[in-house]
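Read through the structure below, which is laid out as structure tokens, and then see the notes.
The values are calculated or read from the model by the stated rules, or taken from the named source; none is laboratory data. This structure is a prediction, so every number in the text was calculated from the model and none was measured. Cβ sites come from the backbone with ideal geometry, for glycine too, and all protein chains shown count toward neighbours.
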Amino acid sequence: MSVLVGSDTRLLVQGLGSAGRFHTDKAIAYGTNVVAGVHPGKGGSSLRFEGETDHSGVPGRDDRYDVEVPMFETVREAVARTGANASVVYVPPFAAADAILEAADAGLELVVAITEGIPVQDMVIVKRALQCGGTRLIGPNCPGVITPHACKIGIMPGYIHEGGRIGVVSRSGTLTYEAVKQLSDVGLGQTTAIGIGGDPVNGTNFVDVLKLFAADESTEGVIMIGEIGGTAEEDAAAWIAEHLGKPVAGFIAGTTAPPGKRMGHAGAIVSGGLGTADAKIAALEGAGVVVASTPSDMGSAMVEAMRRASAA
Amino acid sequence: MKIHEYQAKRLMAQRGIAVPAGRVATTPDEAVAAVRPLIEAGGTPVVVVKSQIHAGGRGKGRFVEHGEVAGVNVVTDGLAGGPAAAEAKVRELAEKMLGSTLVTVQTGPEGKTVQRLYVEQGVRIARELYLSVVLDRATGRNLLMASTEGGTEIEEVAAETPEKILRETIDPAVGLADYQARRLALGLGLSGDAAKNGVAFMKALARFAAEMDTDLIEINPLVVTEEGGVMALDGKMGFDDNALFRHPDVAELRDESEEDPAELEASAYGLSFIKLEGSIGCLVNGAGLAMATMDTIKQVGGEPANFLDVGGGATTENVTAAFKIITRDPNVKGIFVNIFGGIMKCDTIAEGVVEAVKQVGLEVPLVVRLEGTNVELGKRIIDASGLDVVNASDMKDGAAKIVEAAR
């Protein structure tokens, strides 16, 4: 089937400023079931979304959509009234950590934080707090999560996705789109594509997602896209070698990045000799992962990984 | 954001973290005026004159204009000659150091101009230790690292004698607990007053990191004085840019003269830009894609001139600014625009590029690869502009074409 999100996802949107409204509209056009919004000062009102259906999304819908989304002051109230089971956070950076904590407090199983620029120490506290409960956080600073033709949470362009056999996990937004499009072009498609985000402290790491894909029967292979900074890719390589009985392709960005410089993402930095692309590529190849030499080769690397697995 | 040593020490002193007394000077007269009060308060006639630049290795660094002068100088003339002798030596040093170019292992061969000195009290050093607070990404928590090998680069210690690095992970709900600080003090061989002062120092430093949103604090060396005091003899500090909104006092400490002017201009337009040494300019959306574009250029035999992520919410105006910043670099022999539109629309990029060329002209080859949201519209805008643009089918194709065209 898929992991994390699907046709049973009932989505709540936190933060309906211009970006939140824009992407909520695209999600509804795709066919995502958006059941509630939370925005301080807007409780009791509702937001109307209407337009032309994006037929690359959930099949069998009319050519136009017209949806009224009720707004609430608090997440707890929104969940109680609508049965929302997942949240997406578009709240600005200074208040985003609080929004995540509020979603966790309301008992939501899944929180997807799109916001870029949350202070690291805020995320240190959020991560500590989430260790006490049952909420899974994806992100922050990520494109979101999509299960093709079922549910789109986040800011990715929906139409490049095709339902299929490959799980996608990535620290980078645009490189996820590259991988997804190539998987669609070579006919492998995706089960679910998950952006775990480019920040140094995030809610879900590569290993967490690999475990989900390992347990998902419809996911036949995985492509993981990493970048310089930290050791999450090395940890993933160790887990793949030990546990994952499925073919994996990969790509690591930042071979040419100078040490000590933050490459756009807050987490993309080589410091103290740690987190280099070369070390990550070596670790993945050591675990049997087919690592693409350029992003244009990600699709063919996945095909190669599948070929090797079936030949073995 | 980085700050100077004297600024870091002022912030630490304000929060109860022990540092030697010192005064900042921008002229030789100011440097000389600092000497007597420091000697009178410190009980030692020794002072230290330290260059204030955003780079390490100052002690071993030398000035381009005065090869015999180091970046940091201990002035002992006062021991025999009294305060007047110390003042004379400080004047001589300050006149050579201020306005001169200091080259250290971290500045690159071009060095950095020293605009400020920090004149500091001499300290009777019994031992030199190392202390830092960094983010441990594996646990998502701050980590206090300590070592007996003060004065040495920590990377060197980690490579040669990793057992000499002590670590305590800080639970954000608790802070650095007393037992953790005591464990570190014991590991560092501190006893008596030094142990008590060490524990207080470490707890205050851990609190500082969490409350002030630092992304790095490095105290190297942390010194134990002959009197049992524990204080920061040096202080390197970086702050999380995303948290500066809640620390206006820290944001004010930004020294723009220490930063690359093109990177500063780019950040004013919401662009993430890093200058590199190569000849292929890159304009890309998304940090991962921007890095991968540089890697691909290198792989097909070129060298990237920059990292540039226009971000997801860029306007035509931002894109125009980005294009201008790239073309201003005289090393640039070709430009590669690589876009996978998600939130970013291809037509916005196309309009920005066309507008920039209209304003500043185009003297080098330009390869454009557009994919994603509104790709057809973007391509039509480029075609209709009559610009001499080479289209690329994918990223590798584009990289190969621009490297070839720029030869």
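Take segment B:138-182 and flag every residue that is under 19 Å from residue B:198 (Cβ atoms), surrounded by fewer than 17 Cβ atoms within 10 Å (Cβ to Cβ) and within 23 Å of the chain's Cα centre (by Cα).
B:151
Looking at segment A:33-136, what strands (runs of 3 or more DSSP E) fall wholly within it and have at least 2 residues that are free of Cβ contacts under 8 Å to residues at least 12 places away in the same chain?
none
Condition first: assigned to a loop (DSSP other than H, G, I, E, B) and either polar (S, T, N, Q) or within 12 Å of chain A (Cβ to nearest Cβ) (or both). Now tell me which residues in segment B:241-258 satisfy that.
If the condition is that a residue be assigned to a loop (DSSP other than H, G, I, E, B) and either polar (S, T, N, Q) or within 12 Å of chain A (Cβ to nearest Cβ) (or both), then B:247 is the only one that fits.
Is it the case that some residue within segment A:275-282 is modelled with pLDDT under 95, within 22 Å of residue B:299 (Cβ to Cβ) and among the β-branched types (Val, Ile, Thr)?
Checking segment A:275-282: at least one residue is modelled with pLDDT under 95, within 22 Å of residue B:299 (Cβ to Cβ) and among the β-branched types (Val, Ile, Thr).
Test of understanding: among B:336, B:307, B:273, B:323, which residue is closer than 19 Å to residue B:393 by Cβ, of a type outside the set (Ser, Thr, Tyr) and outside any loop (DSSP other than H, G, I, E, B)?
B:336
Go through segment B:358-405 and give me each residue that's surrounded by fewer than 21 Cβ atoms within 10 Å (Cβ to Cβ) and either under 33 Å from the mean Cα position of the chain (by Cα) or under 15 Å from residue B:324 (Cβ atoms) (or both).
Across segment B:358-405, the qualifying residues are B:358, B:359, B:360, B:361, B:362, B:363, B:364, B:396.
Filter segment A:276-311 for residues that are among the β-branched types (Val, Ile, Thr) and not in a helix (DSSP H, G or I) and give the result.
A:276, A:289, A:290, A:291, A:294
Filter segment A:164-190 down to the residues that are part of a strand (DSSP E or B) and surrounded by fewer than 24 Cβ atoms within 10 Å (Cβ to Cβ), then identify the one that is farthest from the other protein chains (Cβ to nearest Cβ).
A:165
Quick one: how many residues across segment B:285-311 are under 24 Å from residue B:268 (Cβ atoms) and within 7 Å of chain A (Cβ to nearest Cβ)?
11
Taking the condition surrounded by 22 or more Cβ atoms within 10 Å (Cβ to Cβ) and assigned by TED's automatic domain parsing to the domain that holds residue B:42, does residue B:117 pass?
yes
Out of all the residues in segment A:233-253, is one or more closer than 28 Å to residue B:275 by Cβ and either out of contact with any strand residue (DSSP E or B) (no Cβ under 7 Å at 6 or more places or on another chain) or among the basic types (Lys, Arg) (or both)?
Looking through segment A:233-253, none of the residues is closer than 28 Å to residue B:275 by Cβ and either out of contact with any strand residue (DSSP E or B) (no Cβ under 7 Å at 6 or more places or on another chain) or among the basic types (Lys, Arg) (or both).
Return the residues of segment B:353-375 that are free of Cβ contacts under 8 Å to residues at least 40 places away in the same chain and assigned to a helix (DSSP H, G or I); say none if nothing qualifies.
Once the filter is applied, which keeps residues that are free of Cβ contacts under 8 Å to residues at least 40 places away in the same chain and assigned to a helix (DSSP H, G or I), segment B:353-375 yields B:354, B:355, B:356, B:357, B:358, B:359, B:360, B:375.
Could you run through segment B:120-135 and say how many residues are of a type outside the set (Val, Ile, Thr) and surrounded by 19 or more Cβ atoms within 10 Å (Cβ to Cβ)?
Within segment B:120-135, residues that are of a type outside the set (Val, Ile, Thr) and surrounded by 19 or more Cβ atoms within 10 Å (Cβ to Cβ) number 8.
Of the residues B:210, B:185, which single one is small (Gly, Ala, Ser) and either within 25 Å of residue A:274 (Cβ to Cβ) or surrounded by fewer than 20 Cβ atoms within 10 Å (Cβ to Cβ) (or both)? Write out each step before concluding.
Values: B:185 fails: either within 25 Å of residue A:274 (Cβ to Cβ) or surrounded by fewer than 20 Cβ atoms within 10 Å (Cβ to Cβ) (or both).
Going through B:210, B:185 in turn, the sole match is B:210.
Pairs, please: C-beta under 6 Å, at least 6 apart or cross-chain, first residue at the interface with chain B (Cβ under 9 Å from one of its Cβ atoms) and in segment A:268-282, second among the β-branched types (Val, Ile, Thr)?
A:268/A:228; A:275/A:228; A:277/A:228; A:277/A:252; A:277/A:255
Tally time: how many residues in segment A:232-259 are among the small types (Gly, Ala, Ser) and within 9 Å of chain B (Cβ to nearest Cβ)?
Quick first cut of segment A:232-259, residues among the small types (Gly, Ala, Ser) only: A:232, A:236-238, A:241, A:245, A:249-250, A:253-254, A:257.
With within 9 Å of chain B (Cβ to nearest Cβ) added as a condition, the list becomes A:232, A:253-254, A:257.
Count: 4.
Looking at (1) crowded, with 24+ Cβ neighbours inside 10 Å; (2) more than 9 Å from chain B (Cβ to nearest Cβ); (3) within 30 Å of residue A:128 (Cβ to Cβ), which is the one condition that is false for residue A:227?
(2)
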